[in-house]
Amino acid sequence: MLDPDEPPAFEVVNAQGAGSAVLVCDHASNRIPRRLGTLGLAPEQLADHIGWDPGAAEVAHRLSAHLDAPLVLSGYSRLVIDCNRPLANTASIAEQSAGVPVPGNLGLTADARAARVETLFRPYHDAIDRLLDARSHRPSLLLSIHSFTPALDGEQRPWPVGVSHWRDRRFAALMSTALGHRVDGVVGDNQPYPIEEAIDYTVPVHGEGRGLHAVMIEIRNDGLRTRAQIDAWAERLATAYREIEAEAIKLGSFPANI
Ligand SMILES: [Zn+2]
């Protein structure tokens, strides 16, 4: 599905990073494979939050530098295949997103779906697996970095940042408290999105699924519009993480539970 001159399905930054944090960015890019055109969408639709998480990749890159953390970023738009959705979820290859129909995703054959899975979804998650396997002898705490739109379906979302967890909330509680001292407003507790096994892939599978403490960090994207804002968020996250790092490492790992 990708031409030889197109970027790969994922990018790994600082693979040998010696810090305890491991960063992933599922919605880093709004790139569409050339052979799929624009999926029938206008450029401004692809540039909007339905195509990717604006600002998330930049924050993740800077945070990786602050924490000497490895970072894996997805190379293509969530509209082609959403790397944070289980394959059985209808939003894996979304026929509409936030009310916007995605013509290029309608009526796909099984082969067309499989091509997206094998070309984009699997290589990205295999890269995360390899990275975590290579670090299995030392502590890893997984942070999945996202951004969210300030308003959805007519609802304003008040949280400048949210920290979401799956079954075990201890790492999220530490991060949330540390971030709470550094932001104006309330840190979302499993807001704007809770993590659910049927809806989320990355934290359940690469985090708790392999016995690692994991959080999803969601930053409201109106706080990521300038370089200065992005730098400030990376700094804030790094400082909060460093403050709770020792305590989070002490949580240890737990038996893989899925
Ligand atoms: Zn996202």
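Descriptive notes on the structure:
- Against the chain, whose longest principal axis comes from its Cα atoms, helix 227-250 is set at around 50 degrees.
- Placing R0 at 30 angstrom, the Cβ-Cβ distance between ALA88 and LEU2 gives a FRET efficiency of 0.75 after rounding to 0.05.
- The long axis of helix 170-180 is offset from the longest Cα principal axis of the chain by roughly 80 degrees.
- Cα centroid separation - segment 3-71 against segment 90-112, whole Å: 21 Å
- According to the calculation over all Cα-Cα pairs in segment 13-138, the P(r) per 10 Å bin from zero is 13, 41, 30, 14, 2 %.
- Gain on full extension, evaluated as 0.36 nm per residue between ASP126 and ALA112 minus their Cα-Cα distance, stands at 3.0 nm.
- Where a label projected 7 Å from the Cα of ALA232 along Cα→Cβ would reach, residues of segment 144-164 with amide N under 14 Å: 160-161
- Spacing of the modelled spin labels on ALA18 and ILE199, each 7 Å from Cα toward Cβ, amounts to 4.0 nm.
- As a rough guide to protection, the peptides 145-155, 34-44 ranked by mean Cβ packing within 10 Å, highest first, stand as 145-155, 34-44.
- Distance between the pseudo-spin-label points of ASP153 and ARG167 (7 Å out from Cα toward the beta carbon): 2.8 nm.
- Helix 56-67 and the longest principal axis of the C-alpha atoms of the chain enclose an angle of approximately 30°.
- Relative counts (whole %) of C-alpha pair distances in the chain, using bins that are 10 Å wide: 7, 32, 38, 19, 4
- Max mean-square fluctuation residue, GNM over the chain, Cα-Cα springs under 10 Å, options ALA91, ALA65, ALA115: ALA115
Read-outs throughout are calculated quantities, based only on the coordinates presented, and are distinct from any laboratory measurement. Everything numeric here is computed off the predicted structure, so don't read it as measured data. Cβ: placed from backbone, ideal geometry, glycine included. Neighbour counts: every protein chain shown.
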